[in-house]
Amino acid sequence: MSALNRKMLRDLLHMKGQALAICLVMACGIAIFVMALSMVDSLQRTLDTYYDHHRFAEVFAHLKRAPNSLARRIAEIPGVSQMQTRIVQQVTLDVQGMAEPAEGRLISLPDQHVGGLNALYLRRGRFIEPGSGREVVVSESFADAHRLGPGDSVTAVLNGRRQELRIVGVVLSPEYIYQIRPGDLLPDNRRFGVFWIAYDELAAAFDMQGAFNDVSLSLMSDASEPQVLRRLDELTEAYGGLGSYLRDDQLSHKFVTNEIKEMRATAVMVPTIFLAVAAFLLNVVISRLINMQREQIAALKGIGYSSREIGWHYMKLILAITLIAVALGTTVGAWMGSMLTELYTQFFQFPVFEYGLDMWIVVMALVVSTASAVVGTLGAVWRAMRLPPAQAMRPEAPEVYRATILERGGLQRFLSPAMRMIVRYLERRPVKSLLTCAGIALATSILVLGNYMEDAIDYAMDFEFQRVQRYDLSVSLVESASSAAMSQIRHLPGVTHCEPFRALSVRVRSAHRARRVGIMGLDSQGELYRVIDMNGDVIPLPRRGLVLSRKLGELLAVGPGDTVTVEVLQETRPVREVPVSGLVEDFSGMSAYMDIRAVNRLMREGNRVTGAFISADPDRMDSLYRELKDLPLVAGVTAKAAALESFRNTIAQSMLVMKTINVIFAVIIAFGVVYNSARISLSERSRELATLRVIGFTRVEISLIQLGELAVLTLISIPAGLLLGYGWAALTTSAYDTELFRIPLVVDRSTYAFAATVVMIAALFSGLVVRRMLDRLDLVAVLKTNE
Amino acid sequence: MSSHSSNQPAGDSAAATADPPAVFEARGLTKIYHVGDVDVHALRGVDVNLYEGEFVVLLGPSGSGKSTLLNILGGLDVPTAGQVRYFGHDLTKDDDSALTQFRREHVGFVFQFYNLIPSLTAMENIALVTEISTDPMRPAEALEMVDLSDRKDHFPSQLSGGEQQRVAIARAIAKRPKVLLCDEPTGALDVKTGIVVLEAIERANRELGTTTAVITHNAIIAEMADRVLMLSGGLISDVRHNTRRIPACDLVW
Ligand SMILES: Nc1ncnc2c1ncn2[C@@H]1O[C@H](COP(=O)(O)OP(=O)(O)OP(=O)(O)O)[C@@H](O)[C@H]1O
Ligand SMILES: [Mg+2]
């Protein structure tokens, strides 16, 4: 190895603490970058192959009931390449070992299903055989949640009759990669399952022979999507069509692509922050190093090394740090990626989900981090290259000090000499002090951000499940029923209180903007489901008029006082003008709320309900469930506690992982910044401090000066960081303000306290390191070196 | 001692007697530093020749421009005006990389504060030079010349000032330079150590025939030289020829 490279390695070794800190910060950014990009890459690749091999449809539509003759006309729509018509039915399931009923979706499978759209992937067992009775194949997630397999059976209530469904196979479907009950936010694999059954069986059970209620289409490459949708809507309208939609609105697809989109944003946002901080730290450290090595640089130039060689020498040092960081970051990133894959398989069902780290991602990581490191240090290295050797031989002129603003303001009386040194030092290098503050503040803010997600979700959970939804069970009916059905439910054993609701599938339109949503008709005096605003105040449902999710209002560009067109997609399909009476902040999906009587008036009907909210005696739950399972008119039962629990189980786990990562990373940034700035200022002042020691200052006194500066910087930065953290949170809130989810902007006090504490501990730790160095300050050596 | 005439380059009279070829020919060297609003005239038109194999000592009060002159001759710095020729080649026309090349191949520098690389051992400091020059000695050989073979694995911080300076000299001569330029090599050393260092320089001059220029504040060191140049106020005020060079070991101060 050449002597110059040896110098580089020894320099690196000498500054190992700082190099390590920078490496770690950089590695954090790279890890996230690699993790997120490889995840996006793997997900997208898996998704594309899956869709392609299993012919996932591109257009979807549901309707009430149409004769098979309509199918031919649909297939003739210009641009349609392949068509599939099916029967899809919602049923109540009675699964062994579970008291409450589960919800099942039965989908008809044509006898000849090979080559058709939305093909199934057979995981275990076999496909159903034609004419073999009530054989079904079941979605893997439900099968796994109940340890069901071929040979087992579940009981379903088909059109009021209890029937055994015999499972012969376990399958996956491209339509249910994210298998979620409409209206839910997270999958609940125990309580929602999808089954495929022979067409004839399902048709017979629901009196649908020769008919269908669900269409999927694939399109030719030159098809005009809007025209196909319009034509399909025209054709299905007379048969109770609920409006056709594209893949983008397909529930499972929407969640998967949403995840990809978020990952992609993460791959940009987070690494940018970390790499910027790393570049800043590198700049500080390398500038300092080059300053300290002025005379070495001069000597090297004197003995014949060129500027380019000197520049390259320092670049190599920077690249070495970067390379170590990339190696570390890539390793950790790949590891996190495979961890996340594990986590993803809980949410997303793919036949095979192989995590892969493509070489181009590693190369990208290398390029991006190298670029940021080089950009961060170019100035310093350039200075080293430009350093005139003859001048570098001369000792630097003493630094220019002046009385500080504080002192000129006549405040010096209040400052001790030590304090004065601190203030002067800080003021003399305003840019450096400011950057250090910025670094510490950034670390603080990332800590805030790390915990904010949890605060927000906790808040949203509490809001939704404790304040809005106060029922124990929500029961939905097969069809809208009269109030007689209500009294039937009210008198079930264990029901203590019961309120009706009427849900309506509609398209809300304002000018050219339209959205398909559900109108929730509620008892305006009700206690079990209340529309409330962020302050917890109940928003009254007026006699007429809709209360919309704030997001829906924004998308339709309407507010209170405006009027929207409501096109009902069910039954008589009336179209009505309805005033918007208010907007409400809610956190998932998009809803429209209305007084149930107003809904009924809108439908020109009397007292109709489609479901009920129930509060029940906890001791009599089991018998209540049993009764509900047997009620023919009940299509589904949702137990809030169960939903809450499953939500907690799934989200809590992934959130804990994310939070841990966030906190570890934020702690690394905090330590990296604080430790480095403490080290740098120590090295810049060791001469001065040694001189003070020689003239009689005690260790404690010089420590006070040195650590005082760190303390001042830290204390200034923390409040700024907390504020910045709130800013990040606000940014995140608006970034997550989607049709699927929204998160409230609430930051808990404990989050602020945590962030401040961690940064202070980092400062304390760095202080201790510096303190130890001060104690070991070799007075003779420091004063001897000609710096 | 011959008196100096301002319109003739210092050393011309020596050229008349011995007539060895000139290594450096400097004419009208001027160096002005701009510090704030004031111009500092470090050199005010210096004419000087340095001849092959010669041992020259530069004397002069602090601030007289000695270091500036030496740095310009060695290609470490460029003059504001004037010309330096190295074996007839005009250095003042060279750009940075050409000057680097010039230093790399022809010049050995010894600095007052040694300027060793603290993170490299004595041997490695010398290797720093031998690795980039065309016909170097082995580092061990160079250390031998300054009598420090037993200290080759020591870091600068483990060496005394005199030893560090000897390593610096070994580093400077390891490339077998044409010229050896030393800026106050004994400035920070005691008498005894100073003499050891001077012996090393003297040896390089004698055994390798290296043209050597040494800046010093110590007039006694001037006894070692073939020629003594006196600087004051940015001009060569006097040139003195020694009829006899006194070996370093015989110097007394
Ligand atoms: N980089 C510089 N910037 C400004 N002035 C300079 C610079 N280098 C040298 N000078 C000035 O030029 C003049 C000559 O400096 P030089 O270093 O050549 O003197 P010197 O004879 O070597 O003195 P010393 O014996 O103290 O080393 C001095 O007045 C000095 O202040
Ligand atoms: Mg000098």
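Using a 1.4 angstrom probe and counting only protein chains, how large is the accessible area of A:THR49 in Å², to 10?
60
Around B:VAL110, which amide H atoms from residues at least 5 apart in sequence, or from another chain, sit under 5 Å from its own amide H, with H modelled in the peptide plane?
B:LEU181, B:CYS182, B:ASP183
Just going by the charge dipole of segment A:79-229, with Lys and Arg at +1 and Asp and Glu at -1 on Cβ, which of A:LEU165, A:GLY210, A:LEU109 is farthest out on the positive end?
Final value for the positive-end residue is A:LEU165.
Roughly how much of A:THR85 is accessible, in Å² to the nearest 10, using a 1.4 Å probe?
40
For B:LYS66, A:LYS659, give me the order by solvent-accessible area with a 1.4 Å probe, most accessible first, ignoring ligands, DNA and RNA. Could you put the intermediate results ahead of the total?
Details: B:LYS66 10, A:LYS659 60 Å².
Ranked list, largest accessible area first: A:LYS659, B:LYS66.
Just reorder B:MET123, A:MET1 by solvent-accessible area, largest first, 1.4 Å probe, all chains present. Numbers along the way, then the final one.
On the way: B:MET123 50, A:MET1 135 Å².
Descending accessible area places them as A:MET1, B:MET123.
Under a point-charge model restricted to the Cβ atoms of Lys and Arg (+1) and Asp and Glu (-1), what is the dipole moment magnitude of segment A:467-645 relative to its Cα centre, in debye to the nearest 20?
Details: 24 positive and 22 negative charges, 141 e Å.
Roughly 680 debye, rounded to the nearest 20.
Determine the per residue accessible area of segment A:651-787 with all protein chains present and a 1.4 angstrom probe, expressed in square angstrom. Kindly include the intermediate steps, with their values, before the conclusion.
Values: 6470 Å² over 137 residues.
Result: 47 Å² per residue.
When the accessible area of each residue in segment B:103-119 is compared between its chain alone and the complete protein assembly (1.4 Å probe; ligands, DNA and RNA ignored), which residues differ by at least 10 Å², being lower in the assembly?
Those are B:ARG103, B:ARG104, B:PHE109, B:PHE111, B:PHE113, B:ASN115, B:ILE117, B:PRO118, B:SER119, which lose 10 Å² or more relative to the chain on its own.
Can you give the Rg to Rh ratio for segment A:239-380, taking only C-alpha atoms and Rh from Kirkwood?
Numbers: Rg = 23.2 Å, Rh = 18.9 Å.
Using only Cα positions, Rg/Rh for segment A:239-380 is 1.23.
Translational D (Stokes-Einstein, µm²/s) of segment B:24-127 at 10 °C and 1.306 mPa s when Rh comes from the Kirkwood sum over C-alpha pairs?
Roughly 104 µm²/s, to the nearest whole number.
Give the residue from A:LEU4, A:ALA755, A:ALA365 lying farthest towards the positive end of the charge dipole for chain A; charges sit on Cβ (+1 for Lys and Arg, -1 for Asp and Glu) and the dipole is referred to the Cα centre.
A:LEU4
Roughly how large, in nm² to one decimal, is the mean projection of the convex hull of the alpha-carbon atoms in the protein assembly as shown? Walk me through the intermediate numbers first.
Numbers: hull surface 220.9 nm².
Averaged projected hull area, Cα only: 55.2 nm².
Once label points are set 7 Å from the Cα along Cα→Cβ at both A:ARG124 and A:ASN159, what is their separation, rounded to one decimal in nm?
3.2
Only Lys, Arg, Asp and Glu count, each charged at its Cβ (+1, +1, -1, -1), so figure out the dipole size of chain A about its Cα centre, rounded to 20 debye.
On the way: 82 positive and 78 negative charges, 678 e Å.
With only Lys, Arg, Asp and Glu charged at Cβ, the dipole is about 3260 debye.
Please compute, for the alpha-carbon atoms of segment A:54-254, the extent along each of the three principal axes and give them in descending order in Å.
Computed over segment A:54-254, the largest-to-smallest principal extents equal 49, 33, 28 Å.
Which Rg and Dmax, in Å, describe the Cα atoms of segment A:474-534?
14.9, 49
Check which residues have an amide H placed less than 5 Å from A:VAL580's amide H, if you skip close sequence neighbours.
HN-HN under 5 Å from A:VAL580: A:LEU546, A:GLY561, A:ASP562, A:THR563, A:VAL564.
Just to verify a number: what accessible area does B:ARG176 come out at with the full protein assembly present, 1.4 Å probe, Å² rounded to tens?
About 100 Å², rounded to the nearest 10.
7 Å from Cα along Cα→Cβ at both B:ASP135 and A:VAL352: what's the point-to-point distance in nm?
Modelled inter-label distance: 6.8 nm.
Given the options A:GLY450, A:MET590, A:ILE702, identify the residue whose Cα lies farthest towards the positive end of the charge dipole of the protein assembly as shown (+1 on Cβ of Lys, Arg; -1 on Cβ of Asp, Glu).
So the residue we want is A:ILE702.
With label points built 7 Å along Cα→Cβ from the Cα atoms of A:SER81 and A:SER224, find their separation and express it in nm.
If labels sit at A:SER81 and A:SER224, their model points lie 2.0 nm apart.
Students often get this wrong, so check it: of A:LYS316/A:LYS432; A:LYS316/B:LYS175; A:LYS254/A:LYS659; B:LYS93/B:LYS175; B:LYS152/B:LYS178; A:LYS7/A:LYS659, which have C-alpha atoms separated by over 32 Å?
A:LYS7/A:LYS659
When the solvent-accessible surface of protein heavy atoms is calculated with a 1.4 angstrom probe, in what order do B:CYS249, A:CYS23 fall, highest first?
On the way: B:CYS249 80, A:CYS23 10 Å².
So, going from the largest accessible area down, we get B:CYS249, A:CYS23.
Taking just the alpha carbons, could you work out the radius of gyration and Dmax for segment A:467-645, both in angstroms?
16.4, 52
Report the extension gain between A:ASN68 and A:MET419 in nm, rounded to one decimal, defined as 0.36 nm multiplied by the number of residues separating them, less their alpha carbon distance. All intermediate terms of the calculation are to be shown ahead of the outcome.
Working: separation 351, 0.36 × 351 = 126.36 nm, distance 8.85 nm.
117.5 nm is the gain from fully extending A:ASN68 to A:MET419.
Can you work out D for segment A:502-608 in µm² s⁻¹ from Stokes-Einstein, where Rh is the Kirkwood radius over C-alpha pairs, the temperature is 37 °C and the viscosity is 0.692 mPa s? Walk me through the intermediate numbers first.
Details: Rh = 13.6 Å.
Translational D for this selection: 241 µm²/s.
For an R0 of 45 angstrom, estimate the FRET efficiency from the Cβ-Cβ distance between B:HIS241 and A:LEU378 and round to the nearest 0.05. It would help to have the intermediate numbers written out before the result.
Working: r = 53 Å, r/R0 = 1.17.
Efficiency computed from Cβ-Cβ geometry: 0.30.
Label 7 Å along Cα→Cβ of A:THR738; segment A:243-258 residues with amide nitrogen under 14 Å?
Hits in segment A:243-258 for A:THR738 at 14 Å: A:248-258.
Total Å² of accessible surface buried at the A-B contact, 1.4 Å probe, nearest 100?
Numbers: alone 34670 and 11320 Å², together 43820 Å².
The buried area between A and B, both sides summed, comes to about 2200 Å².
Once you charge only the Cβ atoms, +1 for Lys and Arg and -1 for Asp and Glu, what is the size of the charge dipole of segment A:127-230 about its Cα centre, to the nearest 20 debye?
Details: 9 positive and 15 negative charges, 82 e Å.
Charge dipole, segment A:127-230, about its Cα centre: 400 debye, nearest 20.
Could you work out the relative contact order of chain A? I mean the mean sequence separation of Cα pairs under 8 Å and 6+ apart, divided by the number of residues, in percent. Numbers along the way, then the final one.
Numbers: 1379 pairs, mean separation 139.0, N = 787.
Computed value for chain A: 18 percent relative contact order.
The values are calculated or read from the model by the stated rules, or taken from the named source; none is laboratory data. For clarity, every value in this text was computed on a predicted model and none was experimentally measured. Here the Cβ is made from the backbone with ideal geometry for all residues, glycine too, and neighbour counts use every protein chain on show. When the accessible area is computed, the model is the full protein with side chains, heavy atoms only, and any ligands, DNA or RNA have been set aside. Shrake-Rupley method; radii C 1.70, N 1.55, O 1.52, S 1.80 Å.
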